[in-house]
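Peer 1: Just passing along the structure, written as structure tokens.
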Amino acid sequence: MIVKADLGRQDHRISSHRIQTKKVLHIINGEHFAGAERVQDLLGNALPQFGFEVGFVCVKPDRFPKVRHSDCDLFEVPMKSKVDLFSSRRIVEIARQGEYQLIHAHTPRSVLMGSMAAKKLHCPLVYHVHSPVGRDSTRGWANRINTWMEKFSLSRACKLICVSSSLHEYMEGIGHPTEKMEVVLNGVPAFEDLPMRQPPDGTWTIGTMALFRPRKGVEVLLDAISILDRQGIDLNLRAVGPFETQEYKTEIMERANSLGIQDKINWTGFQTDINEQLRMMDLFVLPSLFGEGLPMVVLEAMANAVPVIASDVEGIPEAVRDGVDGLIFEPSNPEDLAKKLATLIGDQPQWTAMSQSAWARQRNHLSDVSMARGVAKVYQKLLTQNFR
């Protein structure tokens, strides 16, 4: 449920030895419902089976409170700026009244508030590294500001949870201590039985799903679709997700029109039923240019036995084994992407083998349960060893 954050002040500190229930307060942005928010929502559902009750504080409440699936307490504490000190005080009050024993932040904005709150509360601070903030956008100044804010705030963090080994290497490379970091791979719910899928007899539906913004590389996918269209390959594109800005949406629509492929594209906008959307796709493409951690949508495609063709950036090859679970192509290279698409469209036995392999790999190694188990181990270590 959503809880108002208008709480009275209390003067006692969190006392973890007194509290029987282990409670963790996640501080998140909440304006979108993309990959990082999907991780947060799934942890809210899965962590209780490992002994941890979750609460959420949204500092930019918008889409997350409306579409999440978890039934955790959620407090809306809108920040007026990136350094809204009043919001930090309200988070402290929420944590005290709810007797939360640990703070878990997920973004440069939220970790600044979380750092100040954890210091006041004398409790552990965990930070979830979802993507490399220094390569999060095409806005260099924003990347630099977020990197500085993140590094400043993480001086108090007890543990950094990196969603892939590549992010561990990135954080180590910019000066964060190795001993503070743990790798917990992202995961999504697995299907017990292999979804029954067959390659199409006629038109192929190529799918992609994202919060569309410049680093997601949808331009590369449009160029590849254009190449295949000129080769006479019968396909359509199903593009699921909102655009980050109206200006970028206009730019992409104009590109599709100039390529002459607009009538082959179904722009669905934001959708809540991810699995239903994926079941409409024969191949899933993630053409990111940079800035990924371990994309949740890739794992969700694998869970639905949809073969993946994705760019060779950050954590993607840790999920998709090239030539086994899908195909990896060179970033920013539409010719290479078109070649990989044509390969699978023209080889139905290979498509079938990759479909089955992707499903098995996700189910065995990249589930929401395995993700929650890894995060719970980090919590338990902190609460039993460092903050008795």
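The values are calculated or read from the model by the stated rules, or taken from the named source; none is laboratory data. Keep in mind that this is a model prediction, so the values were computed, not measured. Positions of Cβ are backbone-derived with ideal geometry, glycine not excepted, and every protein chain shown enters the neighbour counts. The protein model used for the area step is the full one, side chains on, heavy atoms only, and it has no ligands, DNA or RNA in it. Shrake-Rupley method; radii C 1.70, N 1.55, O 1.52, S 1.80 Å.
Peer 1: Give the residue that is surrounded by the most Cβ atoms within 10 Å (Cβ to Cβ), with candidates limited to residues of the stretch 342-388 that are outside any helix (DSSP H, G or I) and touching a residue at least 40 places away in the same chain (Cβ under 8 Å).
Peer 2: Looking at residues that are outside any helix (DSSP H, G or I) and touching a residue at least 40 places away in the same chain (Cβ under 8 Å), I get L366.
Peer 1: I need the full set of residues from the stretch 151-190 which are basic (K, R) and open to solvent by 30 Å² or more (accessible area, probe 1.4 Å), in order please.
Peer 2: Hits for the stretch 151-190 are K151, R156, K180.
Peer 1: OK, next. Between L185, L167, L160, which is without any contact (Cβ under 8 Å) to a residue 60 or more places away in the chain and under 21 Å from the mean Cα position of the chain (by Cα)?
Peer 2: Of L185, L167, L160, the one residue that is without any contact (Cβ under 8 Å) to a residue 60 or more places away in the chain and under 21 Å from the mean Cα position of the chain (by Cα) is L160.
Peer 1: Hey, another quick one. Among the candidates I206, I252, I261, which residue alone is of a type in the set (V, I, T), under 24 Å from Q362 (Cβ atoms), surrounded by 17 or more Cβ atoms within 10 Å (Cβ to Cβ) and in contact with a strand residue (DSSP E or B) (Cβ under 9 Å, 6 or more places away or on another chain)? Full working, then the answer.
Peer 2: Details: I252 fails: under 24 Å from Q362 (Cβ atoms); I261 fails: under 24 Å from Q362 (Cβ atoms).
I206 is the lone residue from the list that is of a type in the set (V, I, T), under 24 Å from Q362 (Cβ atoms), surrounded by 17 or more Cβ atoms within 10 Å (Cβ to Cβ) and in contact with a strand residue (DSSP E or B) (Cβ under 9 Å, 6 or more places away or on another chain).
Peer 1: So, one more: Just the residues that are at pLDDT below 95 and over 19 Å from V54 (Cα atoms), please, taken from the stretch 366-388.
Peer 2: Scanning the stretch 366-388 gives Q385, N386, R388.
Peer 1: Which ones in the stretch 88-97 are surrounded by fewer than 24 Cβ atoms within 10 Å (Cβ to Cβ) and either over 17 Å from P61 (Cβ atoms) or of a type in the set (D, E, K, R) (or both)?
Peer 2: Of everything in the stretch 88-97, those that are surrounded by fewer than 24 Cβ atoms within 10 Å (Cβ to Cβ) and either over 17 Å from P61 (Cβ atoms) or of a type in the set (D, E, K, R) (or both) turn out to be R89, R90, V92, E93, R96, Q97.
Peer 1: For F86, indicate whether it is at pLDDT 95 or above and of a type in the set (F, W, Y).
Peer 2: It is false that F86 is at pLDDT 95 or above and of a type in the set (F, W, Y).
Peer 1: Please determine, by comparing only the residues of the stretch 55-64 that are closer than 21 Å to V92 by Cβ and under 18 Å from the mean Cα position of the chain (by Cα), which one is surrounded by the most Cβ atoms within 10 Å (Cβ to Cβ). First the steps, then the outcome.
Peer 2: Step one: of the stretch 55-64, the residues closer than 21 Å to V92 by Cβ are 55-61.
Checking the rest, the ones that are also under 18 Å from the mean Cα position of the chain (by Cα) come to 56-61.
Details: F56: 27, V57: 29, C58: 27, V59: 27, K60: 18, P61: 21.
If we take residues in the stretch 55-64 being closer than 21 Å to V92 by Cβ and under 18 Å from the mean Cα position of the chain (by Cα), then V57 is surrounded by the most Cβ atoms within 10 Å (Cβ to Cβ).
Peer 1: Checking V285 against (1) under 24 Å from D229 (Cβ atoms); (2) free of Cβ contacts under 8 Å to residues at least 40 places away in the same chain; (3) crowded, with 24+ Cβ neighbours inside 10 Å: exactly one of these is not met. Which one?
Peer 2: (2)
Peer 1: If I filter the stretch 227-244 down to residues being open to solvent by less than 60 Å² (accessible area, probe 1.4 Å) and assigned to a loop (DSSP other than H, G, I, E, B), which single residue comes out as farthest from F33 (Cα to Cα)?
Peer 2: I233
Peer 1: Surrounded by 19 or more Cβ atoms within 10 Å (Cβ to Cβ), touching a strand residue (DSSP E or B) at 6+ places or on another chain (Cβ under 7 Å) and touching a residue at least 24 places away in the same chain (Cβ under 8 Å): does that describe P295?
Peer 2: Yes, satisfied.
Peer 1: State whether the residues of the stretch 261-270 include one that is within 16 Å of the chain's Cα centre (by Cα) and within 22 Å of A353 (Cα to Cα).
Peer 2: no
Peer 1: So, one more: Got a sec? Which of Y127, Y100 is in a loop (DSSP other than H, G, I, E, B), surrounded by 23 or more Cβ atoms within 10 Å (Cβ to Cβ) and modelled with pLDDT of 90 or more?
Peer 2: None of the others qualify; the one that does is Y100.
Peer 1: Separate question: Quick one: is T245 out of contact with any strand residue (DSSP E or B) (no Cβ under 9 Å at 6 or more places or on another chain) and hydroxyl-bearing (S, T, Y)?
Peer 2: yes
Peer 1: Could you run through the stretch 314-339 and say how many residues are in a helix (DSSP H, G or I) and open to solvent by less than 40 Å² (accessible area, probe 1.4 Å)?
Peer 2: 6
Peer 1: OK, next. Considering only the stretch 65-81, how many residues are part of a loop (DSSP other than H, G, I, E, B) and not charged (D, E, K, R)?
Peer 2: 7
Peer 1: Follow-up. Taking the stretch 65-87 on its own, how many of its residues are under 27 Å from I145 (Cα atoms) and either free of Cβ contacts under 8 Å to residues at least 40 places away in the same chain or open to solvent by 40 Å² or more (accessible area, probe 1.4 Å) (or both)?
Peer 2: So the count comes out to 11.
Peer 1: Oh, and also: Here is a check on your reading of the model: is D193 open to solvent by 30 Å² or more (accessible area, probe 1.4 Å), touching a Pro at 6+ places or on another chain (Cβ under 9 Å), of a type outside the set (K, R) and over 18 Å from E292 (Cβ atoms)?
Peer 2: So D193 fails the test.
Peer 1: Follow-up. Answer yes or no: is there a residue in the stretch 72-79 that is farther than 19 Å from V184 by Cα and of a type in the set (D, E).
Peer 2: Yes, because at least one residue in the stretch 72-79 is farther than 19 Å from V184 by Cα and of a type in the set (D, E).
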